[in-house]
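Visitor: Got a structure for you, questions after.
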Number of protein chains: 2
Amino acid sequence: MSESKKIFLTETDIPRAWFNIIPSMPEKPAPMLNPATKKPLTAEDLFPLFSEEASRQEMNTTDSWIEIPDEVRDLYKIWRPTPLVRARGLEKALGTACHIYFKNESVSPVGSHKLNSAIPQAYYCKQQGVTNITTETGAGQWGAALSLATRMFGIDLAVYMVKISYNQKPYRRSIMQTYGAEVIASPSMSTKAGRKIITEHPNYQGSLGTAISEAVELAMSTPNCKYALGSVLNHVALHQTVIGLEAEKQMEIAGEYPDVVIGCFGGGSNFSGISFPFLRHNLSGERHSRFIAAEPMACPKLTRGAMRYDYGDEAGYTPLIPMLTLGHNFEPANIHAGGLRYHGAGAVVSSLKENGLIDAVDIPQLESFEAATVFAKSEGIIPAPESAHAIAAAIREARASDEAGTPKTILFNLSGHGLIDMASYDRYFAGDLANYTVSDEQIAANVETLPEV
Amino acid sequence: MSESKKIFLTETDIPRAWFNIIPSMPEKPAPMLNPATKKPLTAEDLFPLFSEEASRQEMNTTDSWIEIPDEVRDLYKIWRPTPLVRARGLEKALGTACHIYFKNESVSPVGSHKLNSAIPQAYYCKQQGVTNITTETGAGQWGAALSLATRMFGIDLAVYMVKISYNQKPYRRSIMQTYGAEVIASPSMSTKAGRKIITEHPNYQGSLGTAISEAVELAMSTPNCKYALGSVLNHVALHQTVIGLEAEKQMEIAGEYPDVVIGCFGGGSNFSGISFPFLRHNLSGERHSRFIAAEPMACPKLTRGAMRYDYGDEAGYTPLIPMLTLGHNFEPANIHAGGLRYHGAGAVVSSLKENGLIDAVDIPQLESFEAATVFAKSEGIIPAPESAHAIAAAIREARASDEAGTPKTILFNLSGHGLIDMASYDRYFAGDLANYTVSDEQIAANVETLPEV
């Protein structure tokens, strides 16, 4: 009794620089390619799409630390630093000898880690006088975060929201509208890419790939307008390292160092954020942790994808990224962890995985909800269906360590809460959910025309 | 830039005792009456309904400080201490010279302050071997909090949820079910009170008064089962004083003392929680603040109610409480701040108001949503429709102070976030909401048969 549970930091502990892992990597990722010329991408190639500073950060392979502007740190103070929590309730529920910690990113006002990158992306746009931003959102976490961030800088935002989510997740749509964003169901009549699909398939319910194509097209064809992406890219992972940098200080206060670091995996933003700061100590040889990306069995790009040059979107507007991918036209089963239904992993994570520096596991949907329920009942927080994958992986690790008789210190990232995802829990309790997997043939067919890296 | 925004405390700063204001009151509230005998209530009269310790706390007029059990403090650590936030974004949006602070109770895992009392109520039941608890819930905030609290102590919970909310607010119902509670739409066939209403009015959509009657009836007729209430009563207000006690320390760290302290007002739980610890310094003559309870114009018990002996529920099962009331059969308009749609104020708050020690304002529904939107866009947090009333009152105070040329330090309680109330925001943006008021004649008719205090 009366043991401490949370480790708080003060606002002065919010990191002053993000950690860029690329300079520390023994083998650098292959370059991204310009989709038109197929030549290695330059920062300038990205200027039409992203702010100049985000473009430069995307291509930065030399600076390990990139300063966080004061204006960004001041907005981080709305909710940062986030607590590190010793999951004593979960430990007790599992009867484990392991020490389990989680970084609670769910305390952000939009309920997830996505604000960590939304704020600097909006800030850099504002700095160069951008007046409008476009983006896409699937489940709505990224769209909500960018809606708030753009509002803080007085930038107008248009969000293409996958049509099925627009209709099924009205709460996240309303959150974006409350912050003043325009939300458009995708496919829409507002873009060429959207009109083409609507006229060919009038009842098409949309996909993330299509929504990205629409957002990119609108940004490219509108003066003073940029596009923003919430995952996959290097500069997004960079911004998310505030998670791991804070967690590192907090683990130090707790007097422990993680044997295992876990994040759920969609495009890589929260996994990279919690992992990279600890991984730098692996790379320097000072310390050793194991890193586990927890992806859904229905969308297993890290565990079963192929290393190829692939597009980030369906229409092929984006640069070609060297990624572990299921193919940009892969259609994952309609699992409730909408934020993990993405075909590919970012270039850095893909390279780290290929080089054996990080591990990945794939989690069946039912196991993720079972883990979520155990966590909710023992720690009080109902996790987002995405974050539930990290919890499931942490539970697997704890059980395996106990069986082996070598209890470990496990750290995972609770990337968001599930209070706006309760319809998914309803369906789980009603027994309406299933596990989904993908056949080897399907993956092979999807990637077969993609160029080797 | 780089000014501090939040004031965090550590877990050792979680109060070790709750503050009981009654011993400090110059004029004590009139006694509650046993509904059967009409004689002053004793703690023993309450034992069939509540845990013995909660019953004793309810009647305690002598001890200013009541120790918080270690087991309760340990569970408070799941989210407490909560941040105190300097609302610099809101100050800027208003262009005010006032300093505005808010206590952020929305960071609890169920999104509101209700857990502060749910945990000790469940704990005291567990201590005496209670196996089952019943309660009612309107919008669902209290039901969600008690679902989590009972789960932590392995107690089974049955929640009577007002039928219209059960159907319209499926997310809050799912939250309760995720924590393992049984949720029953009220009126139901499971109680005499419910059956009577259903058979007489088959399409009746329920009310808080009916749900309380059902929960009380089930508790009274079930062995080893108690009832728990989330507001109105003294022991609930007592538990909520952790809010103000933490805020007092935090304001001291900020080097300020509030000129004005504001809470929204339904039955009194969050207003009492933020106010009473500061009010004790008014009562001792050391300091002076003004206290404002912000109630909805549609349910104006403090500003326009009558001081009468009234029941807490519709069927008249509860003790008679000396309260500012609109009558226990008052049916407030269907405003979206469901947690504020209650006919009466607790005995202590009613007495304080009658003696001029606190003030109250009534806020029209549209003004509350306007304030909520300004706050969301400037501070990032979408407030619960209930909490929006406190924000509206804070904005009024800031504007009045600026006009008078005497800027003030204003503190309000953000009792909860609105992420599960987005349907209300949708209707606000669509222009579907209206202001509601009550006629003097309606209030007079409702209270005319109630006994004077």
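The values are calculated or read from the model by the stated rules, or taken from the named source; none is laboratory data. Everything numeric here is computed off the predicted structure, so don't read it as measured data. Neighbour counts run over all protein chains shown; Cβ positions are idealised from the backbone, glycine included. For accessibility, only protein heavy atoms count, side chains too; no ligands or nucleic acids. Shrake-Rupley method; radii C 1.70, N 1.55, O 1.52, S 1.80 Å.
Visitor: Being among the basic types (Lys, Arg) and under 23 Å from the mean Cα position of the chain (by Cα) is the filter here; which residues of the stretch A:166-208 pass it?
Guide: A:Lys169, A:Arg172, A:Arg173 - these are the residues of the stretch A:166-208 that are among the basic types (Lys, Arg) and under 23 Å from the mean Cα position of the chain (by Cα).
Visitor: Considering only the stretch A:397-434, state which residues are under 23 Å from A:Met297 (Cβ atoms), hydroxyl-bearing (Ser, Thr, Tyr) and assigned to a loop (DSSP other than H, G, I, E, B).
Guide: A:Ser415
Visitor: Could you go through the stretch B:248-259 and let me know if any residue there is open to solvent by 10 Å² or more (accessible area, probe 1.4 Å), closer than 21 Å to B:Thr82 by Cα and touching a Pro at 6+ places or on another chain (Cβ under 8 Å).
Guide: Checked the stretch B:248-259: at least one residue is open to solvent by 10 Å² or more (accessible area, probe 1.4 Å), closer than 21 Å to B:Thr82 by Cα and touching a Pro at 6+ places or on another chain (Cβ under 8 Å).
Visitor: Read through the list (1) of a type in the set (A, V, I, L, M, F, W, C); (2) touching a Phe, Trp or Tyr at 6+ places or on another chain (Cβ under 8 Å); (3) within 17 Å of A:Leu146 (Cβ to Cβ), then give the number of the only condition that A:Val236 fails.
Guide: Of (1) of a type in the set (A, V, I, L, M, F, W, C); (2) touching a Phe, Trp or Tyr at 6+ places or on another chain (Cβ under 8 Å); (3) within 17 Å of A:Leu146 (Cβ to Cβ), only one is false for A:Val236: (2).
Visitor: Can you tell me which residues in the stretch B:274-297 are in a helix (DSSP H, G or I) and among the aliphatic types (A, V, I, L, M)?
Guide: B:Ile274, B:Leu279, B:Leu283
Visitor: Looking only at the stretch A:192-234, count how many residues are open to solvent by 30 Å² or more (accessible area, probe 1.4 Å), free of Cβ contacts under 8 Å to residues at least 60 places away in the same chain and either under 23 Å from A:Asn334 (Cα atoms) or of a type in the set (Asp, Glu) (or both).
Guide: 8
Visitor: Can you tell me which residue among B:Met161, B:Met152 is aliphatic (A, V, I, L, M) and open to solvent by 20 Å² or more (accessible area, probe 1.4 Å)?
Guide: B:Met152
Visitor: Name, by its number, the condition in (1) part of a strand (DSSP E or B); (2) open to solvent by 20 Å² or more (accessible area, probe 1.4 Å) that does not hold for B:Ile262.
Guide: Failing condition for B:Ile262: (2).
Visitor: Turning to a different aspect of this structure: Of all residues in the stretch A:1-33, how many are within 14 Å of another protein chain (Cβ to nearest Cβ), open to solvent by 20 Å² or more (accessible area, probe 1.4 Å) and not basic (Lys, Arg)?
Guide: Residues in the stretch A:1-33 being within 14 Å of another protein chain (Cβ to nearest Cβ), open to solvent by 20 Å² or more (accessible area, probe 1.4 Å) and not basic (Lys, Arg): 9 in total.
Visitor: Still on this structure: Consider A:Ala398 against the criteria (1) away from chain B (no Cβ under 14 Å); (2) closer than 14 Å to A:Cys264 by Cβ; (3) small (Gly, Ala, Ser): it satisfies all of them except one. Which criterion is unmet?
Guide: Failing condition for A:Ala398: (2).
Visitor: Would you mind telling me which numbered condition in (1) over 22 Å from the mean Cα position of the chain (by Cα); (2) in a loop (DSSP other than H, G, I, E, B) B:Trp79 fails?
Guide: So the condition that B:Trp79 fails would be (1).
Visitor: Just a yes or no: is a residue in the stretch A:351-360 within 19 Å of the chain's Cα centre (by Cα) and under 27 Å from A:Leu49 (Cα atoms)?
Guide: Yes; the residues of the stretch A:351-360 include at least one that is within 19 Å of the chain's Cα centre (by Cα) and under 27 Å from A:Leu49 (Cα atoms).
Visitor: Just to be sure I understand, how many residues within the stretch A:56-105 are more than 9 Å from chain B (Cβ to nearest Cβ), of a type in the set (Lys, Arg) and open to solvent by 10 Å² or more (accessible area, probe 1.4 Å)?
Guide: Summing the residues that are more than 9 Å from chain B (Cβ to nearest Cβ), of a type in the set (Lys, Arg) and open to solvent by 10 Å² or more (accessible area, probe 1.4 Å) in the stretch A:56-105 gives 3.
Visitor: Let me ask something else. Those residues that are of a type in the set (A, V, I, L, M) and either open to solvent by 10 Å² or more (accessible area, probe 1.4 Å) or under 21 Å from B:Ala298 (Cβ atoms) (or both), I need them from the stretch B:376-396; list them, please.
Guide: Correct list: B:Ile381, B:Ala384, B:Ala388, B:Ala390, B:Ile391, B:Ala392, B:Ala393, B:Ala394, B:Ile395.
Visitor: Determine whether A:Gln168 is in contact (Cβ under 8 Å) with a residue 60 or more places away in the chain and among the polar types (S, T, N, Q).
Guide: Criteria met by A:Gln168.
Visitor: What are the residues in the stretch B:34-48 that are part of a loop (DSSP other than H, G, I, E, B) and either among the hydroxyl-bearing types (Ser, Thr, Tyr) or open to solvent by 20 Å² or more (accessible area, probe 1.4 Å) (or both), if any?
Guide: B:Asn34, B:Pro35, B:Ala36, B:Thr37, B:Lys38, B:Lys39, B:Thr42, B:Phe47, B:Pro48 - these are the residues of the stretch B:34-48 that are part of a loop (DSSP other than H, G, I, E, B) and either among the hydroxyl-bearing types (Ser, Thr, Tyr) or open to solvent by 20 Å² or more (accessible area, probe 1.4 Å) (or both).
Visitor: On to the next question. With the condition kept exactly as written, say whether any residue in the stretch A:96-119 is out of contact with any Pro (no Cβ under 9 Å at 6 or more places or on another chain), without any contact (Cβ under 8 Å) to a residue 40 or more places away in the chain, over 30 Å from A:Gly255 (Cβ atoms) and among the charged types (D, E, K, R).
Guide: No, the stretch A:96-119 contains no residue that is out of contact with any Pro (no Cβ under 9 Å at 6 or more places or on another chain), without any contact (Cβ under 8 Å) to a residue 40 or more places away in the chain, over 30 Å from A:Gly255 (Cβ atoms) and among the charged types (D, E, K, R).
Visitor: So A:Thr303 clears everything in (1) at pLDDT 95 or above; (2) within 24 Å of A:Thr437 (Cβ to Cβ); (3) within 16 Å of the chain's Cα centre (by Cα) except one condition, right? Which one?
Guide: (3)
Visitor: Of everything in the stretch A:150-178 that's out of contact with any strand residue (DSSP E or B) (no Cβ under 7 Å at 6 or more places or on another chain) and aliphatic (A, V, I, L, M), which residue is farthest from the other protein chains (Cβ to nearest Cβ)?
Guide: Across the stretch A:150-178, the extreme among qualifying residues is A:Ile164.
Visitor: State yes or no: is B:Tyr309 open to solvent by 10 Å² or more (accessible area, probe 1.4 Å) and either at positive phi or modelled with pLDDT under 95 (or both)?
Guide: No, not satisfied.
Visitor: Restricting the search to the stretch A:179-195, which residues are closer than 14 Å to A:Gly143 by Cβ and either of a type in the set (A, V, I, L, M) or away from every other protein chain (no Cβ under 14 Å) (or both)?
Guide: A:Ala181, A:Val183, A:Ile184, A:Ala185, A:Ser186
So that you can scan it fast, the table gives a plain yes or no per residue for (1) within 30 Å of A:Ser284 (Cβ to Cβ); (2) crowded, with 22+ Cβ neighbours inside 10 Å; (3) among the hydroxyl-bearing types (Ser, Thr, Tyr):
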| residue | (1), (2), (3) |
| --- | --- |
| A:Gly327 | no, yes, no |
| A:Phe330 | no, yes, no |
| A:His336 | no, yes, no |
| A:Leu340 | no, yes, no |
| A:Gly344 | yes, yes, no |
| A:Asn355 | yes, no, no |
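Visitor: Pick from the stretch A:401-418 the residues that are surrounded by 24 or more Cβ atoms within 10 Å (Cβ to Cβ) and either within 14 Å of another protein chain (Cβ to nearest Cβ) or more than 30 Å from B:Leu146 (Cβ to Cβ) (or both): which of them is farthest from the chain's Cα centre (by Cα)?
Guide: In this case the residue turns out to be A:Ile410.
Visitor: Output the residues belonging to the stretch B:420-443 that are among the hydrophobic types (A, V, I, L, M, F, W, C), farther than 12 Å from A:Ile175 by Cβ and touching a residue at least 60 places away in the same chain (Cβ under 8 Å).
Guide: Matches in the stretch B:420-443: B:Leu433, B:Ala434, B:Val438, B:Ile443.
Visitor: Restricting the first residue to the stretch A:369-386 and requiring it to be more than 7 Å from chain B (Cβ to nearest Cβ), which pairs with a second residue that is of a type in the set (Phe, Trp, Tyr) and open to solvent by less than 20 Å² (accessible area, probe 1.4 Å) meet a Cβ separation below 6 Å and a spacing of at least six or different chains?
Guide: So the pair list comes out as A:Pro383/A:Phe375.
Visitor: Filter the stretch B:107-148 for residues that are open to solvent by less than 10 Å² (accessible area, probe 1.4 Å), within 14 Å of chain A (Cβ to nearest Cβ) and of a type in the set (S, T, N, Q) and give the result.
Guide: Those that are open to solvent by less than 10 Å² (accessible area, probe 1.4 Å), within 14 Å of chain A (Cβ to nearest Cβ) and of a type in the set (S, T, N, Q): B:Ser108, B:Ser112, B:Asn116, B:Ser147.
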